[in-house]
Each structure stands twice: as structure tokens, then as C-alpha cells.
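Q: Submitted below is the structure of interest, expressed as C-alpha cells.
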Amino acid sequence: MHSPDTIFALSSGAPPAAIGIIRISGPAAFDVVRGLVGPLPPSRRASLCVLRSPETKEHLDQALILIFPGPNSATGEDLAELHLHGGRAVIRAVEEAIQAFQGVRHAEAGEFTRRSFANGRMDLNEAEGLADLLSAETEWQRRAANLMFGGAFSAAIEQWRQEVLHLSALTEAELDFSDEDGVDSQNNYTITDSCTNLSAEIARLLAAPPAEKLKDGLRVVLAGPPNSGKSTLLNALVGRDAAIVSDIAGTTRDMIEVPVSMQGVVLIFTDTAGLRDDSEDVIEKIGIDRSHAAMQQADIILWLGTQGSGPIHPNLIEVATKSDWNGHVSKSGDAIAVSAVSGAGMSKLLDTVARTAKTLLPPTDQFAVNARQRSFLGRTADALSACRETEDWLIIAEHLRQARLALDALTGRAHTEDLLDTIFGKFCVGK
């Protein structure tokens, strides 16, 4: 079998920095270290060494060296880390010296993590959790990514897989020995009941909010008639002048989106065109159509119109704007009265929005599954559900096989190169 190339890359932040960490992974990793510093330092212990050019013996840097023999390393291969001074010239000189070694090349994006997967150090779900952890910007995202990267989801999948394997074994027994005496006649009930219970367990996970809500954010749409204070309220909510404010009806003709992180949750506040039926302006009519479309896609609607005139939505929050103005519109007792000018009621509104948003996200103590994972979970649940719809053991065996295939694809036991390219291409070069 052809040995893989040895790869290297800067895995810390862009220089200049206090420290620059270069990772080297592959069969020649320790040869590179020997060529730069001489005899190998002790494994898994930071050692202060002088790095010299193998050709000129020029002093390159004084650095901490760590080596991790495979397969017990992050990539499953021999792995070395060079903790250098983080100046651009230092890092460039060391990288040039490393690249001069035979069979050593610069790593591609996500290649270290891809090798970890290929060598069984993590499965696809843990790899996706790591990608989410690296890109996490809020506390909520960090917690969900940690659960996925830490293997909580993978452990659940393995438990389901073992149950399906057991059910498959019982099914094979029915196929092979159903005509013989002594075979447990209760197997058919055990199999179908277990399939039903397992399918229901997976369905409960699928019913939870998806991971995309954590990453992409929840859409909070401000809607209502012209001059109801939407743009002024948007500016107050996001803390800056994001929307033009005017007394002229129809000023806002297109949607204005502003992403904000609030109490650990990503929210996308959207100002929309004022809703009215008597507009003769073609452009304003297009804006009104877009407002209706935005409300249909909204996770939360802040309704600034009169009581009872808003759209039917499970997360509609009535807002009574201009509460410090004598001519403000009186609304229901459930409406939150605010003044974007004085700030009255704004804290209550923000807390209500944040509290509502958190009910639409996966719990912080539960992993969140993405679209790829949901697809394979759905196939697993469908295959298991189909087992109770037939008494033909051959068909049941095939459904269980399809369930196993879906679970294997979920973890990466069965995969395509295109899928791996998509997943690992999201990583930076040093990962």
C-alpha cells in the first residue's frame, strides 16, 4: 500500500503573533524533526530545541518541540508540533526548511482532520462538531458543538446500530430456523416492537430544532402598517442606525436585515415595508409582497399594527410603539409598550424576544443535528417503521439492512469522496 505524503501547516493564528505552531503529520514527520533539531526529544513532552537548516546549518529559531507517535495521536499518524516565535520571517524560514524534505508537502484545507477520520480517531459527526466548534461565535453554538465533537451523538448512533444488529440476528434466526422446533415464537413481537420503539426514539430527535437554527440564526421580523415605528424600533434593537427613519409613508421599500448576538443566541432582525392595501406605487407593492413572504418565513414576528390585525403565527409578539407619545395606538393588555426614543420598555421587549428564541433552539444539554444527519436519521426511522407493516421476514431483513446502511453512512463507515470533500473543505488549512 502506498504511504501517504507527510503534510505540514501553520495551525495557529496568522502571524505576527507571540507563538506560531506548525503541525507535521505523516510517515516522515519524525525525520523532519531529526533533520531540524537532531535526536528526537521525549514523546509527549515539550522540549526546548534549536532549529537549524538541514542544508546550511543556519540557526532558524529556538522553539518548543512536541512529538506524538502514531497511532495514538490526533491524526492517527506520527505527529509533531513546532511551537515557534510567531514572526512572519521565522515561520516562513521554518516552512521552507520543512518543505525541502522528500515526500513532505503543505497540507490542504481540513486534511489533518480528514486523516483523523480516515485513521479512526473520529467519525464524521465528531468532525462536523469540530468544524462547528471552530466557527462558534456564541455560547449556545459552543455548547452544542462541544457535545457533537465530544461524541455524544456518535455514542447514541452506536447504541442504535448495536440494537439494529441484534434485531437483524433475530430476523436471520427466524429465516433459518422458523420451521424447526424450539425457536422462540416471540421473536416476531420482539423485533417489530423494538423497531417501533427505536423509530420513535429517532423521530423525537428529528422533531427537535435543527442545528442550522443555531448557526444561521433565528429570523425576527418587524411588521406592521406604514409609520408604525418599525425602522425606529429596529435601530433601537440593534443599537445603531441600520434603517432610514422618516415620517413619509412607504420610506422602507425593501427588507433590511441586521444580525445580532443576544444572550448567546444569533438573531436576524428584519425591517419590512409597511403593510397597506391602497398603495399605487409599483415598487412599494413589491416591498409589501416581500414583507408578507418574510412573515411566512419568520421564526418570531414583532407586530406593530393594531390588535387582532396581525398574521396568525405561533410566535407573534405584539408591540405598542411610541408609548411616550400621546397619540400612540392603544393595544391589547398583552402588548409590550415601548419607546425607542426614551428606551422605556426596551429591556422587557429584548428579554421577551430572547426568551422566545431560546424555546426555538435545541436545549443546551442536547446535541443538534444538521441537514446531512437528519437525512440519514430519517432514512433509518423510515426503514425501522416499515418493519411493522409486513410479516415477511425477508422484507423485514431488508428494511433492517437499509437501517444499518443509513447509520453507517451517518458515521462515515459508508461514504463518498464528494461527501468527504464537502465536509472537510470547511476547515482551515491547519486543521
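Q: In nm, give the distance between the simple-model label positions of Thr306 and Ala293, each being 7 Å from the Cα along the Cα-to-Cβ direction.
A: 2.9 nm
Q: Related question: To the nearest 0.05, what FRET efficiency results for Lys57 and Leu134 with a Förster distance of 51 Å applied to their C-beta separation?
A: Details: r = 38 Å, r/R0 = 0.74.
In this case the efficiency is close to 0.85.
Q: As an exercise, use a Förster radius of 56 Å and the Cβ-Cβ distance of Arg34 and His166 to find the FRET efficiency, rounded to the nearest 0.05.
A: The computed FRET efficiency comes out at 0.65.
Q: Quick one: with all protein chains in place, what share of the accessible area of segment 113-173 is carbon or sulfur, to the nearest percent (1.4 Å probe)?
A: Values: 1320 of 2620 Å².
With neighbouring chains kept in place, the figure for segment 113-173 is 51 percent.
Q: Can you sort Met255, Met262 by solvent-accessible area, 1.4 Å probe, largest first?
A: On the way: Met255 70, Met262 25 Å².
These residues rank, largest area first, as Met255, Met262.
Q: Between Ala207 and Gln366, what length in nm is gained on full extension when 0.36 nm per residue of separation is reduced by their alpha carbon distance?
A: Values: separation 159, 0.36 × 159 = 57.24 nm, distance 1.29 nm.
Separation in residues times 0.36 nm, less the Cα-Cα distance, equals 55.9 nm.
Q: Given a Förster radius of 35 Å and the C-beta distance between His106 and Arg44 as r, what FRET efficiency does 1/(1 + (r/R0)^6) yield to the nearest 0.05?
A: Efficiency, from the Cβ-Cβ distance: 0.85.
Q: For His166, what accessible surface area do you get with a 1.4 Å probe? Give it in Å², rounded to 10.
A: Accessible area of His166: about 110 Å².
Q: With a 1.4 Å probe and all protein chains left in place, how much accessible area per residue does segment 42-84 have, in Å²?
A: Values: 2200 Å² over 43 residues.
I get 51 Å² per residue for this part.
Q: By how many nm would the segment from Asp351 to Ala14 grow when fully extended, if each residue of separation counts as 0.36 nm and the alpha-carbon distance is taken off?
A: 117.5 nm
Q: Looking at this model, which pairs from Lys285/Lys322; Lys215/Lys322; Lys285/Lys358 are more than 31 angstrom apart at the alpha-carbon?
A: Numbers: Lys285/Lys322 26 Å; Lys215/Lys322 33 Å; Lys285/Lys358 34 Å.
Correct reply: Lys215/Lys322; Lys285/Lys358.
Q: Let me ask another. Using 0.36 nm per residue of separation minus the Cα-Cα distance, give me the extension gain between His313 and Asp334 in nm, one decimal. Numbers along the way, then the final one.
A: Working: separation 21, 0.36 × 21 = 7.56 nm, distance 1.53 nm.
Using 0.36 nm per residue and subtracting the Cα-Cα distance, I get 6.0 nm.
The values are calculated or read from the model by the stated rules, or taken from the named source; none is laboratory data. Predicted model, so just to flag it, every value in this text is computed and none were measured. With ideal geometry, Cβ positions are generated from the backbone for all residues, glycine too; neighbour counts draw on all protein chains shown. Note: areas computed on protein heavy atoms with side chains; ligands, DNA, RNA excluded. Shrake-Rupley method; radii C 1.70, N 1.55, O 1.52, S 1.80 Å.
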